[in-house]
Amino acid sequence: MKAYTYIDKGRFELTDKPKPEIAAPDDAIVRVTLSSICSSDLHIRHGSVPRAVKGITVGHEMVGIVESVGSGVTSVKPGDRVTVNVETFCGECFFCKKGFVNNCSDPDGGWALGCRIDGGQTYYVRVPHADCGLNKIPDNVTDEQALFVGDILATGYWAARISEISPDDTVLIIGAGPTGLCTLQCVLLHNPANIVVCEIDRTRRDFVRQHYPQVTVTTPEDCLKTVRTLSSHGGADRVIEVAGNAETFRMAWECARPNAIVTIVALYDTPQMLPLPDMYGKNLTFKTGGVDGCDCEEILRLIAGGHIDTTAMITHRYPLSRIESAYRTFENRLDGVIKVAVYPD
Ligand SMILES: [Zn+2]
Ligand SMILES: [Zn+2]
């Protein structure tokens, strides 16, 4: 079968690989029906993910149909439509039991699919710890609706959850890329008084205005002023930083009111500085890190109930045989792309 493979720094190629087989009792083999490209895939190609293993099939955002399961798998069976979680986790260790599945201490735990083991930009994928890593898609939810559940939508849901949003809050979301848009949908579920989205790119600002008219859209230059105008306490009660550069990091704490929660979801290329003398007395709470993707079942329930719908983010569709074009469009943000969907052909 064709599989999009990490050959070397700067090089991904469609190569031929054997169909994967069950290797452990808790494995499942999933036939991929739809996958996507994430900026983390680009990070692998740029060589900025040191733990990524050369030769693996890339891709960690996918949905599919269970083809076969190992003897220990109980939650899914062949024929089930499923979302695949970006994180592999055991469900048994100290961290998993507390819901911190990102820190699963199992040797396979963490971001394995499409990084350390073969991922989903292909026809079939082997999913370890399948009882934890797969969630059944409700019948009334399409593959396209479910495509982002295991990665960027899980991230947005987690970011909104740990930000402890109250109904009288002004929430600032910095960055309206794919993960920022998923975060926005999940922040809306908490019904805060005001939501401000700050985005540098005009096309993305227009997308937010068009799809979420109840949201205030601003630019990096006007962000602090906008947030202060909307809030009676000198800044945002909650800030979620999803953009990931030095300017947006500074903006995150600058736009926060005293005693605010600042949630950092973004992944930075370089270390960021916390200028503690300038922040003294502001008494901020920072929450940082990678998604605990343990809420996928709840997210699927919300999609089935019509409370979340990310399909408008899928602006482009490509067959697997043209995945090079999909990467080119996504990486260079051509043609107003937000997310691409890749289907088997
Ligand atoms: Zn990703
Ligand atoms: Zn674990």
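Coordinate-derived values only; no laboratory data. None of these values were measured; they are calculated from a predicted model. Here the Cβ positions follow ideal geometry from the backbone for every residue, glycine too, while neighbour counts run over all protein chains shown.
Observations
- For Gly293, the residues whose amide H sits under 5 Å from its own are Val101, Asn102, ignoring neighbours fewer than 5 places away on the same chain, with H placed 1.01 Å from N.
- Under 5 Å, built H, 5+ apart or other chain: amide partners of Thr315: Ile338, Lys339
- Nonlocal amide H pairs with Leu284, under 5 Å, H built at 1.01 Å: Asn259
- The chain: relative contact order in percent, alpha carbon pairs under 8 Å with at least 6 residues between: 17 percent
- Largest first, the three principal axis extents of the alpha carbons in the chain are 59, 43, 40 Å in whole numbers.
- Neighbourhood net charge (11 Å Cβ-Cβ; Lys/Arg +1, Asp/Glu -1) for Arg209: +1
- Anisotropy class of region 33-169 from Cα gyration tensor, a/c 1.5 cut: rounded
- Bridgeable aspartates and glutamates around Lys339 (alpha carbons under 18 Å apart, same-chain partners fewer than 8 residues away excluded): Asp41, Glu61, Asp143, Glu144, Asp151, Glu199, Asp201, Asp206, Asp309, Glu324, Glu331.
- Each residue of region 60-77 was assigned a 3J(HN,Hα) from its phi angle through the Karplus curve 6.51 cos²θ - 1.76 cosθ + 1.60 (θ = phi - 60°); the sequence is 9, 10, 7, 10, x, 10, 5, 9, 7, 9, x, 5, x, 7, 10, 8, 9, 9 Hz, with glycine and proline shown as x.
- Residues Trp158, Trp111 arranged by fewest to most Cβ contacts within 10 Å: Trp111, Trp158
- Spatially proximal lysines relative to Lys77 (Cα-Cα < 17 Å; intrachain offsets below 8 disregarded): Lys136
- For region 117-265, the relative contact order is 21 percent, taking Cα pairs closer than 8 Å that sit 6 or more residues apart in sequence and dividing their mean separation by the residue count.
- Volume of the Cα convex hull of region 256-337, divided per residue and given in Å³: 196 Å³
- Annotation: lysines with alpha-carbon distance below 21 angstrom to Lys54 (same-chain offsets under eight excluded): Lys2, Lys9, Lys17, Lys19.
- Taking a sphere under 11 Å around the Cβ of Val53 and counting the other residues whose Cβ falls inside, with K and R at +1 and D and E at -1, yields a net charge of +2.
- What the phi angles of region 297-304 give under the Karplus curve with 6.51, -1.76 and 1.60, with θ = phi - 60°, is a coupling list of 5, 5, 5, 4, 5, 5, 5, 4 Hz, glycine and proline written as x.
- GNM flexibility winner over the chain from Phe94, Phe330, Phe148 (Cα, springs under 10 Å): Phe94
- Listed by Cβ neighbour count within 10 Å, with the fewest neighbours leading, Asp309, Asp27, Asp269 appear as Asp269, Asp309, Asp27.
- In sequence order, region 32-48 has phi-based couplings of 6, 9, 7, 9, 9, 10, 10, 4, 5, 4, 5, 4, 4, 5, 7, x, 9 Hz under the Karplus curve 6.51 cos²θ - 1.76 cosθ + 1.60, θ = phi - 60°, and Gly or Pro positions carry x.
- Extended-chain gain in nm, criterion 0.36 nm per residue less alpha-carbon gap, Leu14 and Thr285: 93.1 nm
- Build a GNM of the chain with springs between Cα atoms under 10 Å apart, and of Pro192, Pro18, Pro277 the one that fluctuates most is Pro277.
- Counting other Cβ atoms within 10 Å as a rough exposure proxy, the listed residues Ile37, Ile65 run Ile65, Ile37 from fewest neighbours to most.
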